[in-house]
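Peer 1: Got a structure here, written out as structure tokens. Questions coming.
The values are calculated or read from the model by the stated rules, or taken from the named source; none is laboratory data. Source: prediction; values computed, not measured. Note that we place each Cβ from the backbone using ideal geometry, even for glycine, and neighbour counts take in every protein chain shown. Accessible surface is based on the protein model in full, side chains and every heavy atom, while ligands, DNA and RNA are left aside. Shrake-Rupley method; radii C 1.70, N 1.55, O 1.52, S 1.80 Å.
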Amino acid sequence: MPENNKFSISIQVKPEHLDAVQHVNNVIYVQWMQDAASLHWQSLAPSWLLKEVVWMVRRHEIDYYNQAFLDDDLLVSTWTGEYTNVTWKRYYEVIRPSDGKKIISAVSTWILLDSSTQKPRRIDDGMIKLHG
């Protein structure tokens, strides 16, 4: 999938991110994915649009390749892909820059909702242009 609109955030693994075997907990990756997606959207959308629409996750698919550990510095990247009238795929990758290891790759399907009605809203040309 093209990564021409890639957005990245850096994260350092903290004790609260770990599970019982001292690896990053699976649910933490989902939180980081959501955080990166939200920050990416906020960096692109004008303030009036941020008030008019919200995104809701319909599906997550995550592939795990390597483990991340306490104090690891990670790069969480996201970019958008295919879309329909009301859904948009968003891709993710988490890597550990110190050794170049891919930790996870993932894809989510998001649904665009009208903020006031909470009903699906059509993805229009203006929104598509925001994502380059």
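Peer 1: Relative contact order for the chain: what percent, with Cα pairs under 8 Å and sequence separation of 6 or more?
Peer 2: 29
Peer 1: Another one. If you plug each phi of segment 90-106 into the Karplus form 6.51 cos²θ - 1.76 cosθ + 1.60 with θ = phi - 60°, what whole-Hz ³J(HN,Hα) values come out, in order, with x for Gly and Pro?
Peer 2: 10, 9, 9, 8, 10, 10, 9, x, 4, 10, x, 6, 7, 8, 9, 10, 8
Peer 1: Here's something else I'd like to know. How big is the charge dipole of the chain about its Cα centre, in debye rounded to the nearest 20, if each Lys and Arg gets +1 on its Cβ and each Asp and Glu gets -1 on its Cβ? Could the numbers behind the result be given before it?
Peer 2: On the way: 14 positive and 16 negative charges, 93 e Å.
That gives a dipole near 440 debye.
Peer 1: Got a number for carbon plus sulfur as a percent of the chain's accessible area, 1.4 Å probe?
Peer 2: Answer for the chain is 51 percent, counting heavy atoms of protein chains only.
Peer 1: Note down the nm distance, to one decimal, between modelled labels 7 Å out along Cα→Cβ at M56 and at E16.
Peer 2: Going by the 7 Å Cα→Cβ label model, 2.8 nm.
Peer 1: Next question, about the same structure. Give the relative contact order (percent, whole number) for segment 5-75; include only Cα pairs under 8 Å separated by 6+ residues. Present the calculation step by step, with values, prior to reporting the outcome.
Peer 2: Details: 48 pairs, mean separation 44.4, N = 71.
For segment 5-75, the relative contact order is 63 percent.
Peer 1: Here's a follow-up. Over the chain, with the other protein chains present, what is the accessible area per residue in square angstrom, probe 1.4 angstrom?
Peer 2: Result: 56 Å² of accessible area for each residue.
Peer 1: Which is farthest toward the positive dipole end of the chain among L18, N66, L130, measuring Cα position about the Cα centre, with Cβ charges +1 (Lys, Arg) and -1 (Asp, Glu)?
Peer 2: Farthest towards the positive end: L130.
Peer 1: Nearest 500 deg cm²/dmol is fine: what mean residue ellipticity at 222 nm does the chain get from its DSSP H runs of n ≥ 4 alone, each adding -39,500 (n - 2.57), divided by its residue count?
Peer 2: Here the helix-only value at 222 nm equals -7000 deg cm²/dmol.
Peer 1: Next question. Would you tell me the accessible area of H131, worked out with a 1.4 angstrom probe on the heavy atoms of the protein chains, in Å² to the nearest 10?
Peer 2: 10
Peer 1: Let me ask something additional. In the structure shown, do any of K89/K119; K101/K129; K6/K101; K14/K119; K14/K101 have a Cα-Cα gap over 30 Å, and if so which? It would help to have the intermediate numbers written out before the result.
Peer 2: On the way: K89/K119 18 Å; K101/K129 32 Å; K6/K101 18 Å; K14/K119 37 Å; K14/K101 19 Å.
K101/K129; K14/K119, as the Cα separations exceed 30 Å there.
Peer 1: Related question: How much net charge surrounds S105 when only the other residues with a Cβ under 10 Å from the Cβ of S105 are counted, with Lys and Arg +1 and Asp and Glu -1? Please list the in-between numbers first.
Peer 2: On the way: positive: K102; negative: E61, D63, E93.
Summing Lys and Arg as +1 and Asp and Glu as -1 gives -2.
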